[in-house]
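Here the structure is laid out as structure tokens; the discussion comes afterwards.
The values are calculated or read from the model by the stated rules, or taken from the named source; none is laboratory data. Bear in mind that the values here come from a model prediction, so they are computed numbers and not experimental data. Here Cβ is always computed from backbone atoms with ideal geometry, including for glycine, and neighbour counts include all displayed protein chains.
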């Protein structure tokens, strides 16, 4: 077999001998894949079907020692390396052409300690893995809403979901991590050990190392919650969203109510004549007392004249998977995102203007209501800075046919520009698409310079650069 051509840290290419590949392989308890390996194509695929990249090598790690050896091998040979955890990131940073991918997807263990109410989570675990271990016990970490999302990527960017108004961001429940730094050392980061590194990890994405274990504090939730959907005709959108905006300004912290505008999927509780038509959906979860929840959710059914209502008690572990069928891997995806402190009538009008001309049946606009416990934490307490964002909007372009690329991407960009005058200028780093490197500074806002200082200390050569990068000045 010929030598491999692989990209280097200095911007060029190098030839990596088969002997060197064999040395790496023999050093790992996991395995190493090349393009000739039977599992290569499956291992290089990621959630976003627009990403079709071919790493030179994929080092599939099974423990922290494997990660250390992969990092040291990469440094020894001057190789450019990417890091894959769940492979769900919209930008597809888990895989790049002609690099070494350090693959953590086999490190899925979740260990729950009910006495201390903590969970130790491997970097390859998905939200589904974490939820399956915690939610049936009436315990939870506030994470996202799609069970195939990776815990690592979500957490490193900040993380929010149905529980965040009550319990804060995912990073607000992070107690400590074990992390392999750019020099291949395994260290602990927490409030007591390497506190500045711990600060940077909580929202600073993958800029400072490879986390090999997350320790979370758990909160008491469920196991049942009061949750579901209310579906309104698109023609009532202006009134519904205006009333939604008014309702959410005083909503209890236990209640998260999010808006989705899209063409209605074939929901079993929705009359068939509404399938495929533009609608305004309110998706909600109330994580408090179930009797109180029913009363506090009820106003969401009176924002207009709903064409479908599906609300009730449900195991939270089931509701966490409710939207998975709309977010299956392999479709083509392109996102644009804004933060808002309020939903003005002009902002609502712009949302509805573009929701009326969705470029595909799977495309949607969702608006997450945050506030509550998220805002209790000072902006500079963690690297995630946008505690003032009452609403986070994600313009979620999604389609199957590559022939629709220009139309779907063009629509998303046009909508993004039209909505910008009503937004804060900030953005959630996990929602940045692959062409938005110019928005990384906006993603970190007032915390950016401090992140650069952490980068200078822990990764002065920018070894970890195939991410939403914060370059060092060193």
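Scanning for something closer than 27 Å to residue 367 by Cα and crowded, with 19+ Cβ neighbours inside 10 Å, does segment 205-213 turn up at least one residue?
Yes.
Given the criteria closer than 30 Å to residue 424 by Cβ and assigned by TED's automatic domain parsing to the domain that holds residue 251, does residue 311 qualify?
no
Can you confirm whether segment 74-95 contains a residue that is within 14 Å of residue 212 (Cα to Cα), touching a strand residue (DSSP E or B) at 6+ places or on another chain (Cβ under 9 Å) and free of Cβ contacts under 8 Å to residues at least 40 places away in the same chain?
Yes; the residues of segment 74-95 include at least one that is within 14 Å of residue 212 (Cα to Cα), touching a strand residue (DSSP E or B) at 6+ places or on another chain (Cβ under 9 Å) and free of Cβ contacts under 8 Å to residues at least 40 places away in the same chain.
For residue 451, which of the numbered conditions (1) touching a strand residue (DSSP E or B) at 6+ places or on another chain (Cβ under 7 Å); (2) outside any loop (DSSP other than H, G, I, E, B); (3) buried (at least 17 other Cβ atoms within 10 Å of the Cβ) fails to hold?
Tallying (1) touching a strand residue (DSSP E or B) at 6+ places or on another chain (Cβ under 7 Å); (2) outside any loop (DSSP other than H, G, I, E, B); (3) buried (at least 17 other Cβ atoms within 10 Å of the Cβ), residue 451 fails exactly one: (1).
Yes/no matrix, rows are residues, columns are (1) in contact with a strand residue (DSSP E or B) (Cβ under 9 Å, 6 or more places away or on another chain); (2) buried (at least 16 other Cβ atoms within 10 Å of the Cβ); (3) under 19 Å from residue 180 (Cα atoms); (4) modelled with pLDDT under 95:
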| position | (1), (2), (3), (4) |
| --- | --- |
| 10 | no, no, no, yes |
| 19 | no, no, no, yes |
| 39 | yes, no, no, no |
| 48 | yes, yes, no, no |
| 59 | yes, yes, yes, no |
| 68 | yes, yes, yes, no |
| 71 | yes, yes, yes, no |
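What number of residues in segment 238-272 are more than 30 Å from residue 289 (Cα to Cα), touching a strand residue (DSSP E or B) at 6+ places or on another chain (Cβ under 9 Å) and not in a loop (DSSP other than H, G, I, E, B)?
2
Which of the residues belonging to segment 103-137 are assigned to a strand (DSSP E or B), over 19 Å from the mean Cα position of the chain (by Cα) and crowded, with 24+ Cβ neighbours inside 10 Å?
119
Could you tell me whether residue 286 is buried (at least 17 other Cβ atoms within 10 Å of the Cβ), more than 18 Å from residue 366 (Cβ to Cβ), touching a strand residue (DSSP E or B) at 6+ places or on another chain (Cβ under 9 Å) and in the same structural domain as residue 340 (by TED's automatic domain parsing)?
In short, yes.
Just the residues that are over 24 Å from the mean Cα position of the chain (by Cα) and part of a loop (DSSP other than H, G, I, E, B), please, taken from segment 59-74.
Those that are over 24 Å from the mean Cα position of the chain (by Cα) and part of a loop (DSSP other than H, G, I, E, B): none in segment 59-74.
Out of (1) assigned to a helix (DSSP H, G or I); (2) under 22 Å from the mean Cα position of the chain (by Cα), the odd one out for residue 235 is which?
Exception for residue 235: condition (2).
Within segment 32-45, is there a residue that is within 22 Å of the chain's Cα centre (by Cα) and assigned to a loop (DSSP other than H, G, I, E, B)?
Checked segment 32-45: at least one residue is within 22 Å of the chain's Cα centre (by Cα) and assigned to a loop (DSSP other than H, G, I, E, B).
Can you tell me which residues in segment 129-143 are over 17 Å from residue 176 (Cβ atoms) and without any contact (Cβ under 8 Å) to a residue 24 or more places away in the chain?
Across segment 129-143, the qualifying residues are 129, 133.
Tell me, yes or no, whether segment 79-91 has at least one residue that is modelled with pLDDT of 95 or more, surrounded by fewer than 16 Cβ atoms within 10 Å (Cβ to Cβ) and not assigned by TED's automatic domain parsing to the domain that holds residue 433.
No; the residues of segment 79-91 include none that is modelled with pLDDT of 95 or more, surrounded by fewer than 16 Cβ atoms within 10 Å (Cβ to Cβ) and not assigned by TED's automatic domain parsing to the domain that holds residue 433.
Matching residues to (1) surrounded by fewer than 17 Cβ atoms within 10 Å (Cβ to Cβ); (2) at negative phi; (3) more than 16 Å from the chain's Cα centre (by Cα):
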{"residue": "396", "(1), (2), (3)": "no, yes, no"}
{"residue": "412", "(1), (2), (3)": "no, yes, yes"}
{"residue": "417", "(1), (2), (3)": "yes, yes, yes"}
{"residue": "435", "(1), (2), (3)": "yes, yes, yes"}
{"residue": "439", "(1), (2), (3)": "no, yes, yes"}
{"residue": "457", "(1), (2), (3)": "yes, yes, yes"}
{"residue": "474", "(1), (2), (3)": "yes, yes, yes"}
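Do any strands (runs of 3 or more DSSP E) lying entirely in segment 152-220 carry at least 3 residues that are touching a residue at least 60 places away in the same chain (Cβ under 8 Å) and under 26 Å from residue 103 (Cβ atoms), and which ones are they?
So the answer is 210-217.
In segment 278-291, is there at least one residue being at negative phi and more than 29 Å from the chain's Cα centre (by Cα)?
yes
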